[in-house]
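Below is one structure, written out as structure tokens, with a few remarks after it.
The values are calculated or read from the model by the stated rules, or taken from the named source; none is laboratory data. Computed from a prediction, not measured in an experiment: that's the story for all the values here. Positions of Cβ are backbone-derived with ideal geometry, glycine not excepted, and every protein chain shown enters the neighbour counts.
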Amino acid sequence: MAPSDRSQSSEPRLTRHPDGITAVDAEYIRTGLAAAHIIHEKGRAAFVDTGTNDSVPYLLSALDELGIPHDAVEYVFLTHVHLDHAGGAGLLLRYLANARAVIHPRGVQHLLDPTKLVLASIAVYGESQFKKLYGDLVPLPVERVVIAEDKQKFFLADRELEIIHTPGHALHHYAIVDRAHGNVFTGDTFGISYREMDTDQGAFIVATTTPSQFDPDQLVASIERIESYAPSAAYLMHYSRVTDIPRLAADLKKDVRELARVARSRAGSPNLFKEIAADIRAMWIDRARKHGCNLSDESFDAVLGNDVELNTQGLEVWLQRLESSASKRSKP
């Protein structure tokens, strides 16, 4: 499967950041929603996350625009195996002769054989939408996969990149600490922060609780672990660089706990999804207004509406796990 012909006519949308880091718009769903990142160090390069199969032409074009030979890419770091982050990995590796995919041990099997991952994603999106968003997944060749253990270090030229496991959003999630430059690449652990919602107060951030492994206690602990490295910048897939990390971490932990509280308060309702979604939307709009964001409610829905729905689905699954666990404990 080759990249789409649109790679010949579509220019990648690039945002150049300090420290040899470039965000590439993955063109997933809409512009400004998902960013893959390229780290470039002394002639060597790595990707952090890939987007989907449809993102691959843009990633390859980004290398060309940056003057990075395709064979200079050594690593494709996949923070977790959710398909907006890793769906294009198998296809991308076909065009990067020297690259290896770096994956959390809990996620490896899902990318070597994506069958279960596909079925789980279809359960979330529906078959038609799944095909539209992700297409046919290309399995990763086992000989090009590296399992990323906690605290493991990788080197890009002489630039140290440390893996830290960060469950909470997903059990198969890690972040990448670029300690010498004060950066951390956080996948979805450090939430989502769309640039349309920036104000004079800075970035606006919310948690992502998508299916199916959200755990609020784990997520708060992982956010605190990221904080412990005192980074000056975090690179999120949704969307790219944020600073003022202590403020954002405090906002994010508060949001995680409030999302869990909202879900618990609606447990048992016959209109569970509708009520949780309405609560999240109202809570986030209120927070955004206090942050100085002047987007209309309609524009807010265009930016964050999809995340409201996905978060609601994840909270429903979390409640089901709590109920199942309580039921098992109550049995003699």
Taking Val138, is it surrounded by 12 or more Cβ atoms within 10 Å (Cβ to Cβ) and β-branched (Val, Ile, Thr)?
-> yes
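For every residue, the table says whether it meets (1) touching a residue at least 60 places away in the same chain (Cβ under 8 Å); (2) closer than 17 Å to Phe154 by Cβ; (3) not hydrophobic (A, V, I, L, M, F, W, C).
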position: Asp54; (1), (2), (3): yes, no, yes
position: Asp64; (1), (2), (3): no, no, yes
position: Ile68; (1), (2), (3): no, no, no
position: Leu78; (1), (2), (3): no, yes, no
position: His85; (1), (2), (3): yes, no, yes
position: Val102; (1), (2), (3): yes, yes, no
position: Leu111; (1), (2), (3): no, no, no
What are the residues in the range 76-127 that are basic (Lys, Arg), more than 19 Å from Leu161 (Cβ to Cβ) and not in a helix (DSSP H, G or I), if any?
-> Arg94, Arg106
Quick one: Gly67 ticks every box in (1) more than 26 Å from Gln213 (Cα to Cα); (2) touching a helix residue (DSSP H, G or I) at 6+ places or on another chain (Cβ under 9 Å) except a single one, so which number is it?
-> (2)
Condition check for Ala72: within 22 Å of Leu171 (Cα to Cα), in the same structural domain as Thr186 (by TED's automatic domain parsing), touching a strand residue (DSSP E or B) at 6+ places or on another chain (Cβ under 8 Å) and not polar (S, T, N, Q) | no
Any residue at all in the range 138-150 that is within 27 Å of Val308 (Cβ to Cβ) and either outside the structural domain of Leu315 (by TED's automatic domain parsing) or out of contact with any Pro (no Cβ under 6 Å at 6 or more places or on another chain) (or both)?
-> no
Touching a residue at least 60 places away in the same chain (Cβ under 8 Å) and in contact with a Pro (Cβ under 8 Å, 6 or more places away or on another chain), is that true of Gly314?
-> yes
Name the one entry in Leu319, Leu315 that is within 17 Å of Leu252 (Cα to Cα), within 24 Å of the chain's Cα centre (by Cα) and surrounded by 13 or more Cβ atoms within 10 Å (Cβ to Cβ).
-> Leu315
The number of residues in the range 197-238 that are surrounded by 16 or more Cβ atoms within 10 Å (Cβ to Cβ) and without any contact (Cβ under 8 Å) to a residue 40 or more places away in the chain is 1
Looking at this structure, is Ala302 of a type in the set (Gly, Ala, Ser) and either touching a His at 6+ places or on another chain (Cβ under 6 Å) or farther than 24 Å from Ala34 by Cβ (or both)?
-> no
In the range 142-170, residues that are of a type in the set (A, V, I, L, M, F, W, C), over 13 Å from the mean Cα position of the chain (by Cα) and not in a strand (DSSP E or B) total 3
Do the conditions hold for Gly32, that is, is it over 28 Å from Glu149 (Cβ atoms) and not assigned by TED's automatic domain parsing to the domain that holds Ala302?
-> yes
Output the residues belonging to the range 129-186 that are under 19 Å from Gln109 (Cα atoms), of a type in the set (D, E, K, R) and modelled with pLDDT of 95 or more.
-> Glu143, Arg144, Glu149, Asp150
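Conditions (1) in the same structural domain as Val308 (by TED's automatic domain parsing); (2) assigned to a helix (DSSP H, G or I), marked per residue:
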{"site": "Ala221", "(1), (2)": "no, yes"}
{"site": "Ala234", "(1), (2)": "no, no"}
{"site": "Pro246", "(1), (2)": "no, yes"}
{"site": "Val262", "(1), (2)": "yes, yes"}
{"site": "Pro270", "(1), (2)": "yes, no"}
{"site": "Phe273", "(1), (2)": "yes, yes"}
Residues satisfying the stated conditions in the range 102-119, i.e. modelled with pLDDT under 90 and either in contact with a Gly (Cβ under 8 Å, 6 or more places away or on another chain) or surrounded by 15 or more Cβ atoms within 10 Å (Cβ to Cβ) (or both) | Leu117, Val118
